[in-house]
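Peer 1: Pasting a structure here, questions to come.
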Amino acid sequence: MSKFRLLKYFFIIVILVSYAGLVIFSISSNKEALQKDNYWDWYSSYVSQSTKGAFVNTGTKEDPIALSESQGYGMLITVLAAQKGYIKEDQFMRLFHYYQANRISKNNTLMKWKQEKIKDSWSSVDQNNATDGDLDIAYALIQAEKLWPNSFEHYGEAAHQIITSIKNYNYSGKTGLLTVGNWATVDPKSETLIRFSDISPSYFKAFAAYTKDSFWTDLETNSVKALVEMSQQTETGLLPDFAWVGSKGLTPVKPNEISGKNDGDYAYNAARVPYRLANSDDYQVKEVLDKMLGFLEKQPVVYGGYTLKGKALVDNQSSSFSAPILYATKDDSNYSNLYASQRWIFNAPIKGKDYYGDTLKTLVLLRLY
């Protein structure tokens, strides 16, 4: 082969490699820009400042509302953005300060579940918590300690405290599972109520590793059993918002028994379940998730909620449902069509009018890439 031909091939290879590198760089840059823009749109739309720190506003500018649920999401989103280098510790710190200012007590460090304007004064509606929010806050604090190990805020100490409080105030020895809140733990009937979006096997595993407390390993085992039992009751594999734990097993709650007509359906609480289960390495959890996704994969359009038999509750799509499904299917070629169909959420701009959907979308986007 002549030197000229060798030189020609060499330049062709260099051009191809350079082009591939540019394409990869362009794709990576576009993903980063999408994440950054979405984060800042979300932050400017929903995060409000107060004298006691920052909170995620689930209400309006005129009538703001803070929830422990939204605070947990906010802390998760902010620590993820910080991990990627998009922001500094200060934004997380202000959310952390608001959580600290609204804990139930020094010994019970669970966050009071709701704050709003009451008689022109900003205060909590009661002294109760909602388990889902505190689980997210605890996990976010563990990540914060890893990211800022030398922070004077002592995130690790706060993580240990809230994890201990969840164990002490949100656990039912009767069911072996978490209750929906501290108010339910002390009520004989409500103690047997479970919310499937409070079941996060990967969190329980992380808490066990962090605290060296076998309680969390046992809780994970019991929680997986509950997931499997409920999944086996339906052909769709869909899980309800709430269920009762009784002597004969799990029973979905009836309409309007807890908070609304869809209490026993795959509705706005259970919408988070695919996200909660996606990071578990337990094969039984994978089977539960696969059964749900298998049903959703067959739907021409994934709507915003279903009965457990698979009848759509509404005739519209919802980011609140599509974002968790997108995350759960991200690395699974078996659900490539479902994954592609749920990417529509990134075409919907954040306008500050859909706290739940926009927040789940932002959380998922920061974890996708």
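Peer 1: Looking at region 347-369, can you tell me whether even one residue there is surrounded by 15 or more Cβ atoms within 10 Å (Cβ to Cβ), of a type outside the set (Gly, Ala, Ser) and without any contact (Cβ under 8 Å) to a residue 24 or more places away in the chain?
Peer 2: There is no residue in region 347-369 that is surrounded by 15 or more Cβ atoms within 10 Å (Cβ to Cβ), of a type outside the set (Gly, Ala, Ser) and without any contact (Cβ under 8 Å) to a residue 24 or more places away in the chain.
Peer 1: Looking at SER190, SER214, which is the one that is at pLDDT 95 or above and crowded, with 16+ Cβ neighbours inside 10 Å?
Peer 2: Working: SER214 fails: crowded, with 16+ Cβ neighbours inside 10 Å.
Step by step, each of SER190, SER214 is checked, and only SER190 is at pLDDT 95 or above and crowded, with 16+ Cβ neighbours inside 10 Å.
Peer 1: Cβ-Cβ under 8 Å, sequence separation 6+ or interchain: first residue in region 90-108 and at positive phi, partner of a type outside the set (Val, Ile, Thr). Which pairs?
Peer 2: Listed by first residue and then by second, the contacts come to nothing, as the list is empty.
Peer 1: Let me ask something else. Within region 109-125, take every residue that is touching a residue at least 24 places away in the same chain (Cβ under 8 Å) and part of a loop (DSSP other than H, G, I, E, B) and give me the one that is nearest to SER151 (Cα to Cα).
Peer 2: From region 109-125, those touching a residue at least 24 places away in the same chain (Cβ under 8 Å) are 109-117, 122; that's our starting set.
Narrowing the set further to residues that are part of a loop (DSSP other than H, G, I, E, B) leaves 109-110, 112-113.
Values: THR109: 20, LEU110: 22, LYS112: 25, TRP113: 27 Å.
Within region 109-125, the match that is nearest to SER151 (Cα to Cα) is THR109.
Peer 1: What do you reckon, is TYR86 assigned to a loop (DSSP other than H, G, I, E, B) and closer than 17 Å to TYR46 by Cβ? Let's see the steps before the verdict.
Peer 2: Numbers: assigned to a loop (DSSP other than H, G, I, E, B): yes; closer than 17 Å to TYR46 by Cβ: yes.
Answer is yes for this residue.
Peer 1: Among the numbered criteria (1) surrounded by fewer than 19 Cβ atoms within 10 Å (Cβ to Cβ); (2) under 15 Å from TYR139 (Cβ atoms); (3) touching a residue at least 40 places away in the same chain (Cβ under 8 Å); (4) aliphatic (A, V, I, L, M), which one does ILE199 miss?
Peer 2: (1)
Peer 1: Say we look at region 131-158 and pick out the residues that are of a type in the set (Gly, Ala, Ser) and touching an Asp or Glu at 6+ places or on another chain (Cβ under 6 Å); which of these is surrounded by the most Cβ atoms within 10 Å (Cβ to Cβ)? Explain how you work it out, then say what you get.
Peer 2: Going residue by residue through region 131-158, those that are of a type in the set (Gly, Ala, Ser) are 133, 138, 140, 144, 151, 156, 158.
Now restrict to residues that are touching an Asp or Glu at 6+ places or on another chain (Cβ under 6 Å): 133, 156.
Working: GLY133: 25, GLY156: 17.
By that ranking, first place goes to GLY133.
Peer 1: While we're here: Can you tell which of SER50, SER68 is touching a Leu at 6+ places or on another chain (Cβ under 9 Å) and at negative phi?
Peer 2: Working: SER50 fails: touching a Leu at 6+ places or on another chain (Cβ under 9 Å).
Exactly one of SER50, SER68 is touching a Leu at 6+ places or on another chain (Cβ under 9 Å) and at negative phi, namely SER68.
The values are calculated or read from the model by the stated rules, or taken from the named source; none is laboratory data. Nothing here was measured: the structure is a model prediction, and the numbers come from that model. Don't worry about glycine lacking a Cβ; one is built from the backbone with ideal geometry, like all the others, and counts go over all protein chains shown.
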